[in-house]
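What follows is one structure encoded as structure tokens, with my remarks underneath.
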2 protein chains.
Amino acid sequence: MENIYMREALTLAKKALSMGEVPVGAVIVRKSDKKIIGKGYNRRETEKNPLSHAETEAILQASKTIGDWRLDGCAMYVTLEPCLMCAGAIINSRLDEVYFGAFDKRAGAVCSQKESFAGENITYYAGIMEDECSAVLKDFFDKIRR
Amino acid sequence: MENIYMREALTLAKKALSMGEVPVGAVIVRKSDKKIIGKGYNRRETEKNPLSHAETEAILQASKTIGDWRLDGCAMYVTLEPCLMCAGAIINSRLDEVYFGAFDKRAGAVCSQKESFAGENITYYAGIMEDECSAVLKDFFDKIRR
């Protein structure tokens, strides 16, 4: 099913791809006015920074936008299932909702490898535009292998 | 038992305290030459940034120092047991060893609430200078409650 926020996250993932980064993108939406208050994409290699994932970049920007580290009342849309670090960052920033696209069988910390949100006040929705989110990642890794 | 790196982490925790932040400090040591290549302390309120924990700040600085996001061959000393986000950041940055001081019964993701390093190539040592690391936190929370 088409989703405008996941579409935007995919556009960001493709920006990462154009820089030679693993293509993952994320946006944070304030639910009260449906505005995107934070955007991010994976820039680990470019920034030489292990913390620079799509989710953390989006959280950083959203916090700057609203001038508060508390992001309750906001939802994150991200093209790939968050890793442990990002799941923890989502908990720490008090986001209410997470929508992700592709599953990460190897490092996914929402439902694939770990269930980080169990017992937390966070609702998640998995597999949003999964085919498109997976395809961009598959293309990237296919090219690396060749 | 006294440890010079944990002593430095404690000095950083006290810097956080002086800024009204939850007092947690961390350093990253390159094991080959025993040099401290990254320092950090909790600055969440000051920076209005939910990612700004002692561990992530130290990882960010260490990555900048060596110009690489891969911190293998390095050890982290941190005054408080890492949370889920920071445990994930430690995994993502490929740190080999983690030494922590105080246990975090509520949010500790190394051994208290979760065992994030299980199955990972990370050795951890808990309770290094525990009494001193706990005391600075206890003082902070006692003052808040008063």
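Once C-alpha pairs closer than 8 Å and six or more residues apart are averaged by separation and normalised to the residue number of region A:19-79, the relative contact order reads 39 percent.
Quick one: in region B:1-45, what % of C-alpha pairs are over 15 Å apart? Across region B:1-45, Cα pairs with separations above 15 Å total 42 percent. A simple count of charges around A:Ser112, restricted to other residues whose Cβ falls under 11 Å of its Cβ and scoring Lys, Arg +1 and Asp, Glu -1, yields 0. The mean number of partner chain beta-carbon atoms within 10 angstrom of a residue's beta-carbon across peptide B:51-57 is 4. Cβ-Cβ distance of B:Cys111 and A:Lys15, R₀ of 51 Å, FRET efficiency by 1/(1 + (r/R0)^6): the value works out to about 0.85.
Only lysine pairs 8 or more places apart, or on different chains, with alpha-carbon atoms under 19 angstrom apart are counted in chain A, and they number 14.
Close amide H pairs (under 5 Å, H built 1.01 Å from N) link A:Gly25 with A:Ala13, A:Thr79, A:Leu80, residues at least 5 positions away or on another chain. Among the complete DSSP H segments of chain A, which ones combine at least 20 Å of alpha-carbon extent along their axis with a mean Kyte-Doolittle hydropathy of -1.0 or more? Passing helices, by number: A:4-18, A:130-145. Evaluated with a Cβ-only charge set (Lys, Arg +1; Asp, Glu -1), chain B carries a dipole of roughly 420 debye about its Cα centre, given to the nearest 20.
Taking a sphere under 10 Å around the Cβ of A:Val98 and counting the other residues whose Cβ falls inside, with K and R at +1 and D and E at -1, yields a net charge of -4. Here the sum of -39500 (n - 2.57) over DSSP H runs of 4 or more residues, divided by the residues of the protein assembly as shown, equals -12000 deg cm²/dmol at 222 nm, to the nearest 500.
Our summary gives region B:50-98 a relative contact order of 46 percent, counting only alpha carbon pairs under 8 angstrom and 6 or more residues apart. Shielding value for A:78-90 is 5, the average number of Cβ atoms from other chains within 10 Å of each residue's Cβ.
How big, on average over all directions, is the shadow cast by the Cα convex hull of the protein assembly as shown, in nm²?
Working: hull surface 61.4 nm².
Projected area, direction-averaged: 15.3 nm².
Percent of C-alpha pairs per 10 Å bin in region A:93-146, short distances first: 22, 45, 25, 8, 0. Normalised by the number of residues in chain B, the mean separation of alpha-carbon contacts (under 8 Å, six or more apart) gives a relative contact order of 21 percent.
Working from label points 7 Å from Cα in the Cα-to-Cβ sense, the B:Thr65 to B:Glu132 distance is 1.9 nm. Convex hull volume per residue, computed on the Cα atoms of region B:1-120, equals 101 Å³.
Counts of other chain beta carbons within 10 angstrom of each beta carbon in peptide A:43-50 average 5. Put a dot 7 Å past the Cα of A:Ser32, heading toward its Cβ, do the same for A:Tyr125, and the two dots end up 2.2 nm apart.
Here region A:4-66 and region B:97-124 have alpha carbon centers that stand 28 Å from each other.
Since every read-out is calculated from the coordinates, none of them should be taken as a lab result. Keep in mind that this is a model prediction, so the values were computed, not measured. Quick reminder, even Gly has a Cβ in these numbers, built from the backbone with ideal geometry, and neighbours come from all protein chains shown.
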